[in-house]
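First the structure, in the form of structure tokens, and then the observations on it.
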Amino acid sequence: MIIIGLTDIHGQLAAVDGMAAVLRKADMVLLAGDITHFGREDAAGQVLFKIRKYASVVLAVCGNCDYAGVEKVLTREKVSCHGVRVLADGVAFVGLGGSLTTPFHTPGEYTEDELAGFLDAAATDLNSELPLVLISHQPPLHTACDRLSDGTHVGSRAVRQFIERYQPLLCLTGHIHEAAGMDRIGRTVIVNPGPIGRGGFMRAEITGRQAAVTLERVSE
């Protein structure tokens, strides 16, 4: 399975068009939140329609900059994986939308306990024999992918604890624009491609219980 991961689209439709050649080669496209820039249903529909122009199989979670109507669109279109487990081609996908509270009082913010609750619900009866992928807008705490430009780590303890317990093959994350990069927690590869407007994306090839994961950039 070839997976392409994008994050922090923020409604930039032209940036999605710039990914056309990449998206066409994917078996699955994952969207790790901030699909819109403080948008609602119409904005989410436009982004999803654009992505589906190039890729037919999509899973997504909302970000903290997405209003509640965005989740309604994702659910209606059967691409939401927030707080649930989705099985596709022998791989289990668990999603977590939103973020921890921020100084900016954005629409999709939660406490650590709430994030843990969503993850616990998704992990109910999780088959440990299946390869697992986590899509979380909020990055896990204390990695290269949750660090602000001043060096402060602002990731989630709940997300990190989930990763430590279940050791997914990979965690696609975003939210912290300046923290694009890769890291590891145990066997789990953590990837923050950075905002789509900067051309970054994740490419993962899953074969059995192995994942070859790279952080890539579209050609200029």
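The values are calculated or read from the model by the stated rules, or taken from the named source; none is laboratory data. Keep in mind the model is a prediction, meaning the values are calculated, not measured. Methodologically, a virtual Cβ is constructed for each residue, glycine included, from the backbone with ideal geometry; neighbour enumeration extends over all protein chains shown. What goes into the accessible areas is simple: the full protein's heavy atoms, side chains included, and nothing from ligands, DNA or RNA. Shrake-Rupley method; radii C 1.70, N 1.55, O 1.52, S 1.80 Å.
How much length, in nm to one decimal, is gained on full extension between Leu148 and Gln167, taken as 0.36 nm per residue of separation minus their Cα-Cα distance? Write down the numbers at each step before the final one.
Working: separation 19, 0.36 × 19 = 6.84 nm, distance 2.48 nm.
Answer, rounded to one decimal: 4.4 nm.
Roll a 1.4 angstrom probe over the protein heavy atoms and tell me the percent of accessible area of the chain that is carbon or sulfur.
On the way: 4800 of 9790 Å².
The nonpolar share, carbon plus sulfur, comes to 49 percent.
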Place +1 on the Cβ of every Lys and Arg and -1 on the Cβ of every Asp and Glu in the stretch 69-123, take the dipole about the Cα centre, and give the residue among Cys81, Pro103, Ala123 whose Cα lies farthest towards its positive end.
-> Cys81
Pairwise label distance in nanometres, Glu112 with Glu41, each label 7 Å out on the Cα-Cβ vector | 3.7 nm
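For the stretch 118-193, report the accessible area per residue in Å² (1.4 Å probe, heavy atoms, rounded to an integer).
42 Å²
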Other residues with Cβ under 9 Å from the Cβ of Ala179 give, with Lys and Arg +1 and Asp and Glu -1, a net charge of -1
Charge context of Val70, other residues only, Cβ under 13 angstrom, K/R +1, D/E -1 | -3
Pick out, from Pro168, Thr214, Gly199, the residue whose Cα sits farthest towards the positive end of the charge dipole of the stretch 163-220, with +1 on the Cβ of Lys and Arg and -1 on the Cβ of Asp and Glu.
-> Pro168
At 4 °C and 1.567 mPa s, grab the translational diffusion coefficient of the chain from Stokes-Einstein with a Kirkwood Rh over Cα pairs, rounded to a whole number in µm² per second.
-> 78 µm²/s
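For the stretch 1-72, what ratio Rg/Rh do Cα atoms give with a Kirkwood hydrodynamic radius? Please list the in-between numbers first.
Values: Rg = 11.1 Å, Rh = 11.8 Å.
Radius of gyration relative to Kirkwood radius: 0.94.
What's the tally of Lys pairs in the chain whose alpha-carbon atoms lie under 17 angstrom apart, where the two lysines are 8 or more places apart or on different chains? List each step's numbers first, then the result.
On the way: Lys25/Lys50; Lys25/Lys53; Lys50/Lys78; Lys53/Lys78.
Step by step, the pairs that qualify in the chain add up to 4.
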Evaluate the relative contact order of the stretch 161-220 (contact order divided by residue number), counting alpha-carbon pairs under 8 angstrom at least 6 apart; express in whole percent.
-> 27 percent
Per-bin percent of Cα-Cα distances, the stretch 35-145 [5 Å] | 2, 12, 20, 23, 20, 14, 7, 1, 0
What is the gain in length, in nm to one decimal, between Glu178 and Thr102 on full extension, counting 0.36 nm per residue of separation less the C-alpha to C-alpha distance?
-> 25.8 nm
extent check for the stretch 91-146: Cα max minus min per principal axis, descending, whole Å, gives 40, 25, 16
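Averaged over all directions, how much area does the convex hull of the C-alpha atoms of the stretch 161-220 cover when projected, in nm²? Please report the intermediate quantities before stating the final value.
Working: hull surface 18.0 nm².
For the stretch 161-220, the mean projected area of the Cα convex hull comes to 4.5 nm².
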